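Read the figures in this text as sums done on the coordinates, not as results from a lab. Computed from a predicted structure; not experimentally measured. Because the Cβ atoms are built from the backbone with ideal geometry, glycine has one as well, and the counts that use them run over all protein chains shown.
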Amino acid sequence: MTTDNYTSPLSSRYASKEMQHLFSADNKFRTWRRLWIALAETEQEFGLDITDEQLTELKEHIEDIDYAAAAAYEKKLRHDVMAHVHTYGDCCPTARGIIHLGATSCYVGDNTDIIIMRDALRLIHGKLINVIAKLADFAEEYKALPTLGYTHFQPAQPTTVGKRATLWLQDLLLDVEEVEHKLGKLALLGSKGTTGTQASFLELFEGDHEKVKAAELRIAEKMGFERCLAVSGQTYTRKIDAMVLATLSGIAQSAHKFSNDMRLLQHLKEIEEPFEKNQIGSSAMAYKRNPMRSERMAALARYVMIDALNPAVTAASQWFERSLDDSANKRLSMPEAFLAVDAILELYLNVASGLVVYPRVIEKHLLAELPFMATENILMDAVKAGGDRQELHEKIRQYSMQAGDRIKREGGDNNLLELIAADPAFNMDLGKLTELLWPENYTGRAREQTEEFLAEEVRPLLARYTGELGLTAEIFV
C-alpha cells in the first residue's frame with residue numbers, strides 16, 4: 001500500500017478485485033496485444049506476407065509487458081499506443097515490422113474499451129442476479145407480515161414487508177433488462193482506419209472490398225463478438241459510453257432508493273442492515289447503530305448518477321470523425337463508474353443477505369395507526385346496524401381529530417376506538433371494534449401480489465442464471 005500519493009478509494013476501499021482487474025493496466029495492455037495478434041493472424045489468413053514465426057513470437061510475449069520501457073517511450077513520443085507498439089516490438093524483433101499493420105490507435109484503444117465494458121457488464125449482471133435472489137427470498141419469507149405503508153412518509157394503508165421488497169426487486173429487474181439489452185447490442189469497433197473509411201486496409205488487400213469486410217468480421221470473432229459497428233469515424237460513437245453509463249446510473253438509482261428506505265426503516269427500528277459484533281456506530285455515542293452500509297450505497301450512487309453526465313457531454317461535443325477531448329475524460333469517468341457500481345452492488349448484496357426484521361416493532365407501529373384506517377369499516381358496520389351515515393361520518397371525523405390531538409400534544413395512546421365505543425350512536429362495544437383491527441384485513445392483495453410477482457417474473461429470471469448464483473459479499477471497511 002502506498003501512502004505518499006493519491007489512491008482512488010474505489011480501488012483501496014470499495015470495489016471488488018474482479019472489477020479492479022478488468023480496468024487494470026495488465027488487462028488493458030494484454031488486450032491490446034491480443035488485438036494486435038488477431039489483426040496479424042487475420043492479415044495472414046487473407047494473404048498478407050506474415051509468417052507463422054512472427055505470429056508465434058507475438059503470442060509468446062502477450063504478458064511480459066515492460067512498463068518502464070513503455071513509460072520511457074511515451075515520454076519521448078507523447079503517444080501511448082506507439083509507446084506500446086515499440087515496447088512490444090522490442091521483445092518481438094522478428095514481428096516488429098508487422099505489429100499494428102494498417103491500424104490506427106483506436107483499433108487497440110477503442111476495441112479494448114468495448115471488450116472491457118462487455119466483461120464489466122457481465123460482472124455487474126451476475127451481481128444484480130445475486131442481489132435479486134437474496135431479496136426474493138426475503139420477500140417470500142415476509143410476504144404476509146403486515147406493516148404500515150407510507151405515502152409522503154405519512155402513515156397510509158397497510159402493506160406487507162414482502163410486498164415492499166417487491167418494489168425494490170422490480171427496479172432491479174428493469175436494470176437487468178437494461179444490462180442484457182446493452183450486452184446484446186454491444187459491437188466491436190473493428191478495423192476502421194483513421195477516419196473510418198478502411199482506406200488503409202483496402203490498400204493492404206489491393207482494393208478487394210470483400211476481403212476488407214471479411215477480415216474485420218474475422219477479427220471480431222477472434223475477440224468474441226458477432227459483429228462490428230457498420231460505420232464509424234476513427235472512434236466508435238461516444239454515445240455508446242453515454243448509453244452504458246445511463247444503464248449504470250439506473251442501477252445506482254435503484255440502489256439509492258433501497259438505501260433510503262433502509263435508513264428510514266432502521267430509524268423506525270423495524271428493519272436493520274447487518275451490524276457486526278465489534279462494529280462501532282459512533283466514536284462518541286457508544287450505543288449508536290448507524291446504517292453505514294446503506295449510507296455508503298447512497299453516497300456512491302450519487303457519484304455514479306452525476307458521473308453519467310460526463311460521457312453524455314463528451315458524445316455531444318465530438319467533432320466530425322475524431323477529436324481528442326474525450327480521452328482524458330474517458331480514462332476517469334468510465335472505469336470509476338463501473339468500480340462504483342460494483343462497490344454499490346457488493347454493499348447491496350451484503351445488506352440484502354443479512355437484513356434483520358423486528359416484527360413486534362412493526363406490529364406496534366401498525367396498531368398505533370390502524371384505528372384510523374379501520375374507520376371506513378366501522379362506518380359501514382354502524383350504518384348496517386341502523387345508524388345515519390352522514391351523522392356517523394362527522395362523529396368519526398371529530399373523534400379522529402381528538403385522538404390525533406391526544407397522540408401529538410399529550411404523547412398518549414390512540415384512543416379513537418374508546419371514543420367511538422362510548423358513543424351510543426354507533427351501537428358497537430369496544431370488543432367488537434377491536435375485532436375489526438385484524439391487520440391482515442387491511443393489506444389487500446399484498447401477499448398475493450408478492451407470490452405472483454415472484455412466481456411469474458423473479459423466479460423464471462433466476463432459473464435462467466442458476467450458474468451465476470452463490471456470490472457472497474464481505475465488507476472490509
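Using a 10 Å cut-off on Cβ atoms, rank the peptides 167-178, 197-208 from the highest mean neighbour count down.
On the way: 167-178: 18.3, 197-208: 16.2.
For the peptides 167-178, 197-208, the packing ranking is 167-178, 197-208.
In what sequence, highest mean first, do 449-460, 364-375 appear when ranked by Cβ atoms within 10 angstrom? Walk me through the numbers on the way to the answer.
Values: 449-460: 16.3, 364-375: 18.2.
The densest-packed peptide leads the list: 364-375, 449-460.
Could you state the angle between the C-alpha long axis of helix 375-384 and the longest principal axis of the C-alpha atoms of the chain, as a value from 0 to 90 degrees rounded to the nearest 10?
The answer is roughly 40 degrees.
With r as the distance between the Cβ atoms of Leu324 and Ala69 and R0 = 22 Å, compute the FRET efficiency 1/(1 + (r/R0)^6) and round to 0.05.
On the way: r = 24 Å, r/R0 = 1.10.
Calculated transfer efficiency: 0.35.
Treating the angle as unsigned and between 0 and 90°, give the value, to the nearest 10°, between the Cα long axis of helix 239-268 and the longest Cα principal axis of the chain.
Value to nearest ten degrees: 30.
Could you tell me which of rounded, prolate or oblate describes region 375-436, using a ≥ b ≥ c as the square roots of the eigenvalues of the alpha-carbon gyration tensor, with rounded for a/c under 1.5 and, failing that, prolate when a/b is larger than b/c and oblate otherwise?
Details: a/c = 2.48, a/b = 1.65, b/c = 1.50.
It comes out prolate by the Cα gyration axes.
Looking at this model, which pairs from Lys143/Lys182; Lys182/Lys222; Lys269/Lys395; Lys127/Lys269; Lys163/Lys364; Lys76/Lys213 are more than 26 angstrom apart at the alpha-carbon? Present the calculation step by step, with values, prior to reporting the outcome.
Working: Lys143/Lys182 33 Å; Lys182/Lys222 20 Å; Lys269/Lys395 34 Å; Lys127/Lys269 28 Å; Lys163/Lys364 19 Å; Lys76/Lys213 36 Å.
Cα-Cα > 26 Å for Lys143/Lys182; Lys269/Lys395; Lys127/Lys269; Lys76/Lys213; rest within.
Using helices alone, what [θ] at 222 nm do you get for the chain, with -39,500 (n - 2.57) per DSSP H run of 4 or more residues, divided over all residues and rounded to the nearest 500? Before the final figure, lay out the partial values.
Details: 20 runs with 295 residues, N = 477.
Calculated mean residue ellipticity at 222 nm is -20000 deg cm²/dmol.
Around Gly102, under 15 Å between beta carbons, what's the net of Lys plus Arg minus Asp minus Glu among the other residues? Show your work: numbers first, answer last.
Numbers: positive: Lys192, Lys211, Lys213, Arg218; negative: Glu41, Glu43, Glu45, Asp49, Glu203, Glu206, Asp208, Glu216.
That sum, taken over residues with Cβ under 15 Å, equals -4.
Report the extension gain between Arg227 and Glu468 in nm, rounded to one decimal, defined as 0.36 nm multiplied by the number of residues separating them, less their alpha carbon distance. It would help to have the intermediate numbers written out before the result.
Details: separation 241, 0.36 × 241 = 86.76 nm, distance 2.58 nm.
Separation in residues times 0.36 nm, less the Cα-Cα distance, equals 84.2 nm.
Using the per-residue mean of other Cβ atoms lying within 10 Å as a proxy for protection, in what order, highest first, do the peptides 236-243, 265-272, 323-330 fall? Intermediate results must be reported in sequence, preceding the final value.
Values: 236-243: 20.1, 265-272: 17.8, 323-330: 14.1.
Most protected by this proxy first, the peptides run 236-243, 265-272, 323-330.
Mind checking which lysines have their Cα closer than 28 Å to the Cα of Lys75? Skip sequence neighbours fewer than 8 apart in that chain.
The qualifying lysines are Lys28, Lys59, Lys192, Lys330.
If you average the sequence gap of Cα pairs under 8 Å that are 6 or more apart and divide by the length of the chain, what percent do you get for the contact order?
Details: 603 pairs, mean separation 90.8, N = 477.
Answer for the chain is 19 percent.
Rounded to the nearest 0.05, what FRET efficiency do His181 and Arg406 give with R0 = 41 Å and r taken as the Cβ-Cβ distance? Could you check?
Values: r = 55 Å, r/R0 = 1.33.
Taking R0 as 41 Å, the efficiency between His181 and Arg406 is 0.15.
With r defined as the distance between the Cβ atoms of Lys17 and Glu203 and R0 fixed at 45 Å, what FRET efficiency is calculated, to the nearest 0.05? Write out the running numbers ahead of the final one.
Numbers: r = 44 Å, r/R0 = 0.98.
After rounding, the FRET efficiency stands at 0.50.
From the gyration tensor of the Cα coordinates in region 17-98, what semi-axes in whole Å does the equivalent ellipsoid have, largest first, with each one equal to sqrt(5λ)? Display every interim value, and only then the final one.
On the way: eigenvalues 104, 53, 22 Å².
Calculated on Cα positions only, the semi-axes equal 23, 16, 10 Å.
Using the basic label-point model (7 angstrom from Cα toward the beta carbon), what is the Ala144 to His365 distance in nanometres?
Taking the simple label geometry, Ala144 and His365 are separated by 2.3 nm.
Angle, helix 25-45 long axis vs. longest principal axis of the chain, Cα atoms, 0 to 90°, nearest 10?
Roughly 50 degrees, rounded to the nearest 10.
Checking the cross-link filter: which aspartates and glutamates have an alpha carbon closer than 13 Å to that of Lys432, excluding same-chain neighbours under 8 positions apart?
Once the sequence-local aspartates and glutamates are set aside, what remains near Lys432 is Asp381, Glu418.
Which whole-percent values make up P(r) of region 255-391 when all C-alpha to C-alpha distances are grouped in 10 Å steps starting at zero?
Taking every Cα pair in region 255-391, the percentages come to 10, 24, 20, 16, 13, 10, 4, 2, 0.
I need the phi-derived Karplus couplings for region 166-172: 6.51 cos²θ - 1.76 cosθ + 1.60, θ = phi - 60°, integer Hz, Gly and Pro marked x.
Coupling constants for region 166-172: 5, 5, 5, 4, 4, 4, 5 Hz.
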